[in-house]
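Here's the structure, in structure tokens; my notes come after.
The values are calculated or read from the model by the stated rules, or taken from the named source; none is laboratory data. Quick caveat: nothing in here was measured; it's all calculated off a predicted structure. Don't worry about glycine lacking a Cβ; one is built from the backbone with ideal geometry, like all the others, and counts go over all protein chains shown.
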Amino acid sequence: MTLILSVDLACKSYHNFGFCWLQESAGKVANIQYPSEQDIGLKGAPEPNVFAYAVLRYCLDNGVSILMLDGPQGWKAPDNGLLDRRICEKVWNTMAKTGTKGQVKPANFQPFISFSIDVFSALYQSGVVSLVTRPKIEVPASGVLLIETYPHSAWRSLKIRPLSGKRHCSPEQMAQNLKELERRFQLPECGTPTHDQLSALAAGLAGVAIAAGNASGYVASGAPPRLTPEGYLVEGYIINPINPR
């Protein structure tokens, strides 16, 4: 049995975060819950180091082995052969493009991308988490495996119509997507998740396959993360679920 916490990140308010806790057993989802920001120990305005400490404390206190975060883990490597984005972002044609340190397109994504990278950096520097360094992923014997996700690409990887933006997504589309996940993955009672929670659930299904050692249940796109001489992370893999066979 492995516990997974998937998080749909935001940067302005914890009310816009989505938390989904999944329990893997025998390769399937045995239980699903949606912790609140209060459950995680969060209050006030989001701050990278505070969030990183709280979510890591939650994982360690509750036996969570896999932590999945929706957001970039590093900047573009200057030598990756691309003009303005990481390799994983080219694969999935992400809306935001993470350039070399400090460079983001479109510019309005700058606060979110900087927040996400700072969170990954704080977690990595804790010495308790490990990053995905190759396409075939193994859960470490101790500590927490830290994984980058992108829910929009998770839906595409599953060949399910991605959710529209929160303001324009109808309850009918959310219900339809949830029903499709329940059918394909034989999910237990899922309740009625919010847009953010449903996004976290879709991305988190890759973690279930990883926990079960099922390499056919997920795909890793991108290049291994690495630490620059200046001390910051570049590149990294985006991990997405694949439909069960």
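Residue-wise test of (1) in contact with a helix residue (DSSP H, G or I) (Cβ under 8 Å, 6 or more places away or on another chain); (2) assigned to a loop (DSSP other than H, G, I, E, B); (3) crowded, with 16+ Cβ neighbours inside 10 Å.
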position	(1), (2), (3)
LEU60	no, no, no
PRO78	no, yes, no
LEU82	yes, yes, no
LYS90	no, no, yes
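Based on this model, can you work out whether ASP61 counts as acidic (Asp, Glu), out of contact with any Phe, Trp or Tyr (no Cβ under 8 Å at 6 or more places or on another chain) and without any contact (Cβ under 8 Å) to a residue 60 or more places away in the chain? Outline the logic, then answer.
Values: acidic (Asp, Glu): yes; out of contact with any Phe, Trp or Tyr (no Cβ under 8 Å at 6 or more places or on another chain): yes; without any contact (Cβ under 8 Å) to a residue 60 or more places away in the chain: yes.
When the stated conditions are applied, ASP61 passes them.
Test ILE147 against the stated conditions and say whether it is of a type in the set (A, V, I, L, M), under 21 Å from THR2 (Cβ atoms) and at pLDDT 95 or above.
The answer is yes for ILE147.
Can you tell me which residues in region 17-31 are at negative phi and more than 15 Å from the chain's Cα centre (by Cα)?
Selection gives GLN23, GLU24, SER25, LYS28, VAL29, ALA30, ASN31.
For LEU42, indicate whether it is surrounded by fewer than 17 Cβ atoms within 10 Å (Cβ to Cβ), without any contact (Cβ under 8 Å) to a residue 40 or more places away in the chain, assigned to a loop (DSSP other than H, G, I, E, B) and hydrophobic (A, V, I, L, M, F, W, C).
On the way: surrounded by fewer than 17 Cβ atoms within 10 Å (Cβ to Cβ): no; without any contact (Cβ under 8 Å) to a residue 40 or more places away in the chain: yes; assigned to a loop (DSSP other than H, G, I, E, B): yes; hydrophobic (A, V, I, L, M, F, W, C): yes.
Judged against the criteria, LEU42 is not a match.
Give the residues of region 95-148 that are of a type in the set (Val, Ile, Thr), in a loop (DSSP other than H, G, I, E, B) and more than 14 Å from the chain's Cα centre (by Cα), sorted by residue number. I'd like the intermediate steps shown before the answer.
Filtering region 95-148 for residues of a type in the set (Val, Ile, Thr) gives 98, 100, 104, 113, 117, 119, 128-129, 132-133, 137, 139, 144, 147.
From what's left, in a loop (DSSP other than H, G, I, E, B): 100, 128, 132-133, 137, 139.
Once the filter is applied, which keeps residues that are of a type in the set (Val, Ile, Thr), in a loop (DSSP other than H, G, I, E, B) and more than 14 Å from the chain's Cα centre (by Cα), region 95-148 yields THR100, VAL128, THR133, ILE137, VAL139.
Listed here are the residues, each with its yes/no results for (1) in a strand (DSSP E or B); (2) surrounded by 15 or more Cβ atoms within 10 Å (Cβ to Cβ).
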{"residue": "ARG167", "(1), (2)": "no, no"}
{"residue": "THR192", "(1), (2)": "no, no"}
{"residue": "ALA206", "(1), (2)": "no, yes"}
{"residue": "SER216", "(1), (2)": "no, no"}
{"residue": "ARG226", "(1), (2)": "yes, no"}
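Looking for whichever is of a type outside the set (Asp, Glu) and closer than 30 Å to ARG183 by Cα here; the options are PRO78, PRO162. Which one fits? Before the answer, list the steps.
On the way: PRO78 fails: closer than 30 Å to ARG183 by Cα.
Exactly one residue qualifies, and that residue is PRO162.
Would you tally the residues in region 4-39 being under 18 Å from SER199 (Cα atoms), of a type in the set (A, V, I, L, M) and part of a strand (DSSP E or B)?
So the answer is 6.
What's the number of the condition SER153 fails, among (1) in a loop (DSSP other than H, G, I, E, B); (2) within 15 Å of GLY222 (Cβ to Cβ)?
Here SER153 meets the rest and fails (1).
Kindly list, by first and then second residue, each pair from a residue in region 4-31 that is over 23 Å from PRO244 (Cα atoms) to a residue that is crowded, with 23+ Cβ neighbours inside 10 Å and at pLDDT below 95, limited to pairs with Cβ atoms under 6 Å and residues at least 6 apart or on different chains.
none
Just one of (1) crowded, with 23+ Cβ neighbours inside 10 Å; (2) of a type outside the set (Lys, Arg); (3) in a strand (DSSP E or B) trips up ALA202, so point out which.
Of everything listed in (1) crowded, with 23+ Cβ neighbours inside 10 Å; (2) of a type outside the set (Lys, Arg); (3) in a strand (DSSP E or B), ALA202 misses just condition (3).
Would a scan of region 46-55 turn up a residue that is in contact with a Cys (Cβ under 8 Å, 6 or more places away or on another chain) and over 14 Å from VAL119 (Cβ atoms)? Explain how you work it out, then say what you get.
As a first pass, look at region 46-55 and keep what is in contact with a Cys (Cβ under 8 Å, 6 or more places away or on another chain): 46.
Among the residues that remain, those that are also over 14 Å from VAL119 (Cβ atoms) are: none.
No: zero hits.
Kindly indicate whether SER6 is crowded, with 20+ Cβ neighbours inside 10 Å, polar (S, T, N, Q) and within 30 Å of PHE185 (Cα to Cα).
It is true that SER6 is crowded, with 20+ Cβ neighbours inside 10 Å, polar (S, T, N, Q) and within 30 Å of PHE185 (Cα to Cα).
Residue check: is PRO140 on the phi < 0 side of the Ramachandran plot and either modelled with pLDDT of 95 or more or surrounded by 19 or more Cβ atoms within 10 Å (Cβ to Cβ) (or both)? Working first, answer last.
Details: on the phi < 0 side of the Ramachandran plot: yes; either modelled with pLDDT of 95 or more or surrounded by 19 or more Cβ atoms within 10 Å (Cβ to Cβ) (or both): no.
No, not satisfied.
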